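Participant: Pasting a structure here, questions to come.
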Amino acid sequence: MLRIAIQKSGRLSEDSLKLIKECGISFVNSSLKLKTESTNFPLEILYLRDDDIPGYVADGVADIGIVGENVLVEEGMQHLAMEQLGFSKCRLSLAVPKADTYTGVSDLNGKNIATSYPNLLQAYLTENGVEAHIHTISGSVEIAPSIGLADAICDIVSSGSTLISNGLKEVERVFKSQAVLIANKELNAEKRQILEKLLFRIHAVQRAQRAKYILLNAPNDKIEEISALLPGVKSPTILPLAEEGWSSLHSVVNEDDFWEIIEKLKDAGAQGILVVPIEKMII
Ligand code: ATP
Ligand code: MG
């Protein structure tokens, strides 16, 4: 059985559980338990504080885990990283009181900066030739300037609304983060095999999330032009419609190119365009 460590309760929890469920792995989810076993896959889930996850995986208490890159790199455990998972995207940023004039990173020389990420911050300051005093605190970093504890902060930002509501402005981006899958480096052959199976499923889920299934009707004389816009997995499926001279084209498009392709398809004469989500995608 493979053991995965995920965050017990916090910003990573919901999406971590969602990914496991989308991989078709069922388990009884009880918020009271610290450990659950899947009923249909050789996986055991440990629920932990996110800060503890890299250490548990490095020690082999858990075989794999899901954690933010910010925590992983802060703890100097980046060698455990296997792959980025695309959720819990955020950044570690420097912020100063809104009323302060800020001209550049050198303004931070000699300043007090409060953060929960002293190592990431120190690396950034060193890289930029800044000497500042780092004040490490474990939470509520954003109130440090208003209570006189620090001149600036370095904290996790996603939309920036927490900074604004605390009278701060973001001035530098220190680190970009998202959730990553980490793994112990010395898994036995049996566990590696289970991990391979899990990765196969994760990749199918991730591929499907980026892709959309597209169906449209096209006049037969436009099929070539429209097909060229639809790369598909191999090439588009073309089926004749009951109405003479028309066909139905089916394909897969990447979410990123989606709106641009739709415009081009319409211009090329496509009609009745349907775009539907894909649940799993094995290629
Ligand atoms: P724990 O109690 O487990 O120690 P925590 O309070 O340290 O939790 P959370 O605030 O739940 O941590 O954040 C967990 C991780 O989620 C962060 O390390 C970061 O990678 C990511 N994260 C934090 N804030 C956001 C956000 N606003 N948007 C997206 N991801 C975020
Ligand atoms: Mg934490």
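The values are calculated or read from the model by the stated rules, or taken from the named source; none is laboratory data. Since we're looking at a predicted model, the values are computed, not measured. In this analysis, Cβ positions are derived from the backbone assuming ideal geometry, glycine residues included, and neighbour counts consider all displayed protein chains. Each accessible area value is taken on the protein alone, full model and side chains, heavy atoms only, with ligands, DNA and RNA left out. Shrake-Rupley method; radii C 1.70, N 1.55, O 1.52, S 1.80 Å.
Participant: On the basis of being out of contact with any helix residue (DSSP H, G or I) (no Cβ under 7 Å at 6 or more places or on another chain) and open to solvent by less than 30 Å² (accessible area, probe 1.4 Å), does residue 74 make the cut? Quick ask: steps written out before the conclusion?
Facilitator: Details: out of contact with any helix residue (DSSP H, G or I) (no Cβ under 7 Å at 6 or more places or on another chain): no; open to solvent by less than 30 Å² (accessible area, probe 1.4 Å): yes.
In short, no.
Participant: Next question. Of the conditions (1) within 16 Å of ligand 2 (Cβ to nearest atom); (2) modelled with pLDDT under 95, residue 27 clears all except one; give me its number.
Facilitator: Just one mismatch for residue 27, condition (1).
Participant: Determine whether residue 188 is modelled with pLDDT of 95 or more and in contact with a strand residue (DSSP E or B) (Cβ under 6 Å, 6 or more places away or on another chain). Talk me through it step by step, then tell me what you get.
Facilitator: Numbers: modelled with pLDDT of 95 or more: yes; in contact with a strand residue (DSSP E or B) (Cβ under 6 Å, 6 or more places away or on another chain): no.
No; evaluated as a whole, the condition is false for this residue.
Participant: Now for a different question. Can you name the residue in the stretch 90-118 that is among the polar types (S, T, N, Q) and not in a strand (DSSP E or B) and, of all such residues, is nearest to residue 70 (Cα to Cα)? Talk me through it step by step, then tell me what you get.
Facilitator: Restricting attention to the stretch 90-118, the residues satisfying the condition of being among the polar types (S, T, N, Q) are 93, 101, 103, 106, 109, 112, 115-116.
This time we only want the ones that are not in a strand (DSSP E or B), so: 101, 103, 106, 109, 116.
Details: 101: 28, 103: 26, 106: 24, 109: 24, 116: 10 Å.
Looking at the filtered set, the residue picked out is 116.
Participant: What are the pairs with Cβ atoms under 8 angstrom where one residue, in the stretch 1-27, is outside any strand (DSSP E or B) and surrounded by fewer than 16 Cβ atoms within 10 Å (Cβ to Cβ) and the other, located anywhere, is of a type in the set (Phe, Trp, Tyr) and modelled with pLDDT of 95 or more? Sequence gap at least six, or different chains.
Facilitator: Close Cβ pairs (under 8 Å, with a partner that is of a type in the set (Phe, Trp, Tyr) and modelled with pLDDT of 95 or more) amount to 9/47; 24/41; 26/41.
Participant: Among the residues of the stretch 61-68, is there at least one that is of a type outside the set (A, V, I, L, M), open to solvent by 60 Å² or more (accessible area, probe 1.4 Å) and closer than 21 Å to residue 196 by Cα?
Facilitator: Restricting attention to the stretch 61-68, the residues satisfying the condition of being of a type outside the set (A, V, I, L, M) are 63, 65, 68.
Filter once more, so that each one left must be open to solvent by 60 Å² or more (accessible area, probe 1.4 Å): none.
No, because not a single residue in the stretch 61-68 is of a type outside the set (A, V, I, L, M), open to solvent by 60 Å² or more (accessible area, probe 1.4 Å) and closer than 21 Å to residue 196 by Cα.
Participant: I'd like the residue in the stretch 119-141 that is within 16 Å of ligand 2 (Cβ to nearest atom) and outside any helix (DSSP H, G or I) and, out of all such residues, is most open to solvent (accessible area, probe 1.4 Å).
Facilitator: 138
Participant: Would a scan of the stretch 38-51 turn up a residue that is open to solvent by less than 20 Å² (accessible area, probe 1.4 Å) and either under 17 Å from the mean Cα position of the chain (by Cα) or modelled with pLDDT under 95 (or both)?
Facilitator: No.
Participant: Do any residues in the stretch 253-269 that are without any contact (Cβ under 8 Å) to a residue 40 or more places away in the chain and over 13 Å from residue 231 (Cβ atoms) have Cβ atoms under 9 Å from those of residues that are open to solvent by less than 30 Å² (accessible area, probe 1.4 Å) and assigned to a strand (DSSP E or B), where the two are at least six apart or on different chains, and which pairs are they?
Facilitator: Here the result reads 262/214; 262/253, each pair linking the stretch 253-269 to a residue that is open to solvent by less than 30 Å² (accessible area, probe 1.4 Å) and assigned to a strand (DSSP E or B).
Participant: State all residues of the stretch 77-95 that are on the phi < 0 side of the Ramachandran plot and open to solvent by 10 Å² or more (accessible area, probe 1.4 Å); if no residue qualifies, say none. Even if it seems obvious, please write down each step before you answer.
Facilitator: First pass over the stretch 77-95, keeping only residues on the phi < 0 side of the Ramachandran plot: 77-85, 87, 89-95.
Hits for the stretch 77-95 are 77, 78, 79, 81, 82, 83, 84, 85, 87, 89, 90, 91.
Participant: Additional query: Does any residue in the stretch 81-108 that is under 17 Å from residue 120 (Cβ atoms) come within less than 7 Å, Cβ to Cβ, of a residue that is open to solvent by 40 Å² or more (accessible area, probe 1.4 Å) and of a type in the set (Phe, Trp, Tyr) six or more places away or on a different chain, and which pairs are these?
Facilitator: 91/175; 92/175
Participant: Take the stretch 60-89 and flag every residue that is small (Gly, Ala, Ser) and within 16 Å of ligand 1 (Cβ to nearest atom). Quick ask: steps written out before the conclusion?
Facilitator: First, pick out the residues of the stretch 60-89 that are small (Gly, Ala, Ser): 60, 62, 65, 68, 76, 81, 86, 88.
Result: 62, 65, 68, 76, 81, 86, 88.
Participant: Count, please, the residues in the stretch 1-59 that happen to be out of contact with any strand residue (DSSP E or B) (no Cβ under 8 Å at 6 or more places or on another chain), closer than 21 Å to residue 178 by Cβ and away from ligand 1 (no atom under 15 Å from the Cβ).
Facilitator: Adding up the residues that qualify gives 4.
One line per residue, one yes/no per condition, for (1) of a type in the set (S, T, N, Q); (2) under 30 Å from residue 58 (Cα atoms):
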residue: 97; (1), (2): no, no
residue: 109; (1), (2): yes, no
residue: 126; (1), (2): yes, yes
residue: 148; (1), (2): no, no
